1. Hey, GLU195 hits all of (1) over 15 Å from VAL58 (Cα atoms); (2) modelled with pLDDT under 95; (3) touching an Asp or Glu at 6+ places or on another chain (Cβ under 9 Å) but one; which does it fall short on?
2. Does LEU2 fit the bill of being among the hydrophobic types (A, V, I, L, M, F, W, C) and touching a residue at least 24 places away in the same chain (Cβ under 8 Å)?
3. For the condition buried (at least 16 other Cβ atoms within 10 Å of the Cβ), of a type outside the set (Phe, Trp, Tyr), over 30 Å from GLN65 (Cβ atoms) and touching a helix residue (DSSP H, G or I) at 6+ places or on another chain (Cβ under 6 Å), what is the one hit in GLY129, GLY97, GLY110, GLY125?
4. Give the residue that is modelled with the highest pLDDT, with candidates limited to residues of region 36-60 that are closer than 11 Å to HIS142 by Cβ and among the small types (Gly, Ala, Ser).
5. So in region 1-35, with the set limited to residues that are more than 17 Å from LEU175 (Cβ to Cβ) and among the polar types (S, T, N, Q), which one is modelled with the highest pLDDT?
6. Under 9 Å by Cβ, and 6 or more places apart or on different chains, what pairs join a residue from region 28-44 that is without any contact (Cβ under 8 Å) to a residue 60 or more places away in the chain and farther than 17 Å from TYR153 by Cβ with one that is among the small types (Gly, Ala, Ser) and in a helix (DSSP H, G or I)?
7. Kindly list, by first and then second residue, each pair from a residue in region 170-189 that is assigned to a helix (DSSP H, G or I) and buried (at least 22 other Cβ atoms within 10 Å of the Cβ) to a residue that is modelled with pLDDT of 90 or more and of a type in the set (Asp, Glu), limited to pairs with Cβ atoms under 8 Å and residues at least 6 apart or on different chains.
8. ALA86 - would you say it is part of a helix (DSSP H, G or I) and touching a His at 6+ places or on another chain (Cβ under 7 Å)?
Amino acid sequence: MLRQIANELKRHAPFTSFGAVTGIILMAIIVLGNVTPAASHTFFYILHPFHVVLSALVTTAIYRQHSKGSLWAVILIGYVGSIGIATLSDTVIPYLGGVLLNLEIEFHLGFIEKWWLVNPMALLGITIGFWKPSTKFPHAGHVLLSTWASLFYFTAFGTANWIPLLPFIFLFLFLAVWVPCCMSDIIFPLLFAKEN
């Protein structure tokens with residue numbers, strides 16, 4: 001299993017790097033365009049729920065492809081794999097990155113603050129993944145949405161002179177997507193699959 005995890009992380013590193021580069025370009029546009037924290041807040045709460053949908057879809061689809069688990073197992077794995085890991089990716093890692101960079105940054109949990117939006121989106125992704133277990137395009141979309149949601153977490157809830165911090169932001173965007181999204185999409189559902 002450890003070899004499979006290492007191989008998946010290695011295979012996903014180039015695309016995750018590409019996603020992080022798009023995030024840095026987007027952050028430069030945000031800074032140079034004087035996008036307000038309120039606008040970043042709105043973008044975060046658009047991107048984060050859509051990230052949750054794709055995460056739930058892919059996690060559920062992978063589990064369905066490799067297991068004949070009960071409907072309740074599908075729902076539980078899809079929900080925990082999307083809400084738990086999307087929160088780690090979009091919120092916890094950017095927040096910790098902000099703390100490590102000594103930024104003024106607030107901690108927010110989307111699935112609690114906007115529970116009426118984020119949780120139904122997880123259920124939508126689970127439903128789609130259950131009925132149509134396809135993973136190619138949703139995984140690519142998942143990586144990009146996760147990168148951009150993490151980026152908008154920084155600019156919505158943090159205050160800083162961003163341009164000198166861009167190399168560090170790149171690192172945190174990469175880490176916020178690389179490990180959690182591979183865990184959510186591939187490793188987490190396979191841990192519960194009854195087949196190899």
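1. Here GLU195 clears every test but (3).
2. Spelling it out, it is not the case that LEU2 is among the hydrophobic types (A, V, I, L, M, F, W, C) and touching a residue at least 24 places away in the same chain (Cβ under 8 Å).
3. GLY97
4. Residue satisfying both the conditions and the ranking: ALA56.
5. Ranking the candidates gives ASN34 first.
6. Going by the 9 Å Cβ cut-off, there are no qualifying pairs.
7. Listed pairs, sorted by first residue: ALA176/ASP90.
8. So ALA86 fits the description; yes.
The values are calculated or read from the model by the stated rules, or taken from the named source; none is laboratory data. Since the model is a prediction, treat every value here as computed from it, not as a measurement. Ideal geometry is used to build each Cβ from the backbone, glycine not excepted, and the neighbour counts take in all protein chains shown.
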